[in-house]
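Take a look at the structure set out below.
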Amino acid sequence: MEKSHSLKAEDLLASLLNNAPLGIIYGDEAGKVTQVNHLAKVLLQVRPVGKKMTGQHILTCVDHIPLLHHRLSRFLEKKSKSFHTEAININERYIVVKGVSVRNGFICIINEVTRLKEMEAESIQSMIAGQENERRRIAREIHDGIGPLLSFSKLELDAFLDEYVDHSNALAEEKLVNIRQTLDSVTNDLRDLSHHLIPRLLEEFGLFSAFNNLVARHNNLAKSHIDFYCSFGSETRFNRDLELNLYRCGQELVSNAVKHASASEILVQLIKHDRSIILMVEDNGVGFDPEKNNPENFGIGLTNIETRVRTLHGEFFIESLANRGTTASIEFPLK
C-alpha cells in the first residue's frame, strides 16, 4: 500500500514538473540531476535533442553555456546558497536561471525572457532614435539660425572697424578687435558642435572618413596626440545604424580619454573581420580602479555606450589600471 502511495506521489510530482510554465531541475548534493522537466531541456537547448539529463552531472549538461557553467560551478562549491543570472543569450533566445540550495541538493528554475529582452531593445532603439532626432533638430537650428546671425554680426563689425573706428584710439580699437575674436571663437565652437551633432562625413562617406575627421579635429586642439588605424577605406560601408552607433561610441571614448583620463597618447583602431567589426581605443591616461570596472559604476557616457552596444547585440569590454591607462573595445556582429 505504501509503495502504491509512493508511486502516485512520484507520478504527481512528474506531472507537476512537466506542466510547469518554467524549466525546473532538481539535483543532489554531488551535482547530479535527479529530476528535470522537458521545458528545462528546451530552454537550455541541450544537444543532442533527446539527450538524457537525469543521472548526469549538471555541469556537463550546461558546458555549452559558459556563464551558467561558471555560476553553477561556484554554487556547487558552496560559495553561495543561491544564485541568479542575468539574461543569457543562447542562439537568440534569452533565459534567466535561479538556483537555491535545499535539503540534500539544489533546485534550478529557468525562465525565458526573450520577449522582455525584445521589448527592452525596442525601447532602447526608440530612445536612441529620439536622441538622434533631437541632435538633428538642434544642429539645424545652429546651421540655419544662430550660425548665419553670428556671421552677419561679424561682417557688420568688420565693416564698422574699417569705416568708423578712429585708429588713433588704440584702446577702443583693441576692445573691438577682442569682440571680433570672440565672435570668431564662438562661430568655430558652434561649427564644431554642429559637426558633433550631425556627422555629415559619416552619412556621406562612412566610418573611415568620419573617424579620420574626428581624430584630426582633436589633434588640432593639441591637448592629446591621437593615432588612427583602419583596416578598410572609405569605399567600405556598413548598415546605417551600425555606422552611427559605432561612431557615437568612438566620440565618447575619445572624449573620455582626452577630458577625463588626461591622456597624452591615444590610439584608435577600426578593424573589420569576416563576421564582426571592432573599435578599440587605448590611452596612456590616469586609468581607474579595476574593482569599479563594471557597468553599475559607469558614468553617463559609458552607460550610453553600453546601451548602444546592447541594441546591436554587440560586446563592450573596458580594462584599466590606476596610472597605467585604459583600453576599451567594442565588437559588433556583421549580419
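For the range 238-267, how many residues are under 12 Å from Thr326 (Cα atoms) and at pLDDT 90 or above?
5
Please work out which residue is surrounded by the most Cβ atoms within 10 Å (Cβ to Cβ), limiting yourself to the range 90-106 and to residues that are farther than 15 Å from Ala40 by Cα and within 23 Å of the chain's Cα centre (by Cα).
Going through the qualifying residues, I end up with Glu92.
Is it true that Asn212 is open to solvent by 20 Å² or more (accessible area, probe 1.4 Å) and free of Cβ contacts under 8 Å to residues at least 12 places away in the same chain? Walk me through how you get there before you give the answer.
Values: open to solvent by 20 Å² or more (accessible area, probe 1.4 Å): yes; free of Cβ contacts under 8 Å to residues at least 12 places away in the same chain: no.
The answer is no for Asn212.
Return the residue satisfying two criteria in turn: it lies in the range 178-207 and is open to solvent by less than 40 Å² (accessible area, probe 1.4 Å) and free of Cβ contacts under 8 Å to residues at least 60 places away in the same chain, and of such residues it is nearest to Phe232 (Cα to Cα). Working first, answer last.
Looking only at the range 178-207, we keep the residues that are open to solvent by less than 40 Å² (accessible area, probe 1.4 Å), and these are 183, 187, 190, 194, 197-199, 202, 206-207.
Now restrict to residues that are free of Cβ contacts under 8 Å to residues at least 60 places away in the same chain: 183, 187, 190, 194, 199, 202, 206.
Details: Leu183: 39, Thr187: 34, Leu190: 31, Ser194: 27, Pro199: 19, Leu202: 14, Gly206: 11 Å.
Here the residue is Gly206.
With the requirement that a residue be farther than 15 Å from Tyr247 by Cα, open to solvent by 60 Å² or more (accessible area, probe 1.4 Å) and of a type outside the set (A, V, I, L, M, F, W, C), what does the range 316-335 give you?
Glu319, Asn323, Arg324, Lys335
Are there any pairs with C-beta distances below 7 angstrom linking a residue in the range 126-152 that is in contact (Cβ under 8 Å) with a residue 60 or more places away in the chain and open to solvent by less than 50 Å² (accessible area, probe 1.4 Å) to a residue that is of a type in the set (Lys, Arg) and part of a helix (DSSP H, G or I), with the two at least 6 apart or on different chains, and if so which?
Ile128/Arg308
Residues checked against (1) open to solvent by 100 Å² or more (accessible area, probe 1.4 Å); (2) of a type in the set (Val, Ile, Thr); (3) modelled with pLDDT under 90:
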| residue | (1), (2), (3) |
| --- | --- |
| Met1 | yes, no, yes |
| Leu13 | no, no, yes |
| Leu17 | no, no, yes |
| Ile25 | no, yes, no |
| Gly31 | no, no, no |
| Gln35 | no, no, yes |
| Val49 | yes, yes, yes |
| Met53 | no, no, yes |
| Leu59 | no, no, no |
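Kindly list the number of the only condition in (1) open to solvent by less than 90 Å² (accessible area, probe 1.4 Å); (2) touching a residue at least 60 places away in the same chain (Cβ under 8 Å) that fails for Val113.
(2)
With the requirement that a residue be modelled with pLDDT under 75 and open to solvent by less than 100 Å² (accessible area, probe 1.4 Å), what does the range 161-177 give you? Steps first, answer last, please.
Step one: filter the range 161-177 for residues modelled with pLDDT under 75, giving 161-173.
Of everything in the range 161-177, those that are modelled with pLDDT under 75 and open to solvent by less than 100 Å² (accessible area, probe 1.4 Å) turn out to be Leu161, Val165, Asp166, Ser168, Asn169, Ala170, Ala172, Glu173.
Scan the range 228-253 residue by residue and report those that are farther than 13 Å from Asn212 by Cα, outside any helix (DSSP H, G or I), open to solvent by 60 Å² or more (accessible area, probe 1.4 Å) and not basic (Lys, Arg). Let's see the steps before the verdict.
So in the range 228-253, the residues farther than 13 Å from Asn212 by Cα come out as 235-246, 248-249, 252-253.
Imposing the further condition that a residue be outside any helix (DSSP H, G or I) reduces the set to 235-239.
Of the ones still in play, those that are also open to solvent by 60 Å² or more (accessible area, probe 1.4 Å) are 235, 237, 239.
Once the filter is applied, which keeps residues that are farther than 13 Å from Asn212 by Cα, outside any helix (DSSP H, G or I), open to solvent by 60 Å² or more (accessible area, probe 1.4 Å) and not basic (Lys, Arg), the range 228-253 yields Glu235, Asn239.
Just wondering, is there one or more residues in the range 258-267 that are farther than 23 Å from Gln131 by Cα, under 19 Å from the mean Cα position of the chain (by Cα) and open to solvent by less than 10 Å² (accessible area, probe 1.4 Å)?
no
The values are calculated or read from the model by the stated rules, or taken from the named source; none is laboratory data. What you are looking at is a predicted structure, and each value in this text was computed from that prediction instead of being measured. A quick note on method: Cβ atoms are made from the backbone with ideal geometry, for glycine too, and the neighbour counts reach across all protein chains shown. What goes into the accessible areas is simple: the full protein's heavy atoms, side chains included, and nothing from ligands, DNA or RNA. Shrake-Rupley method; radii C 1.70, N 1.55, O 1.52, S 1.80 Å.
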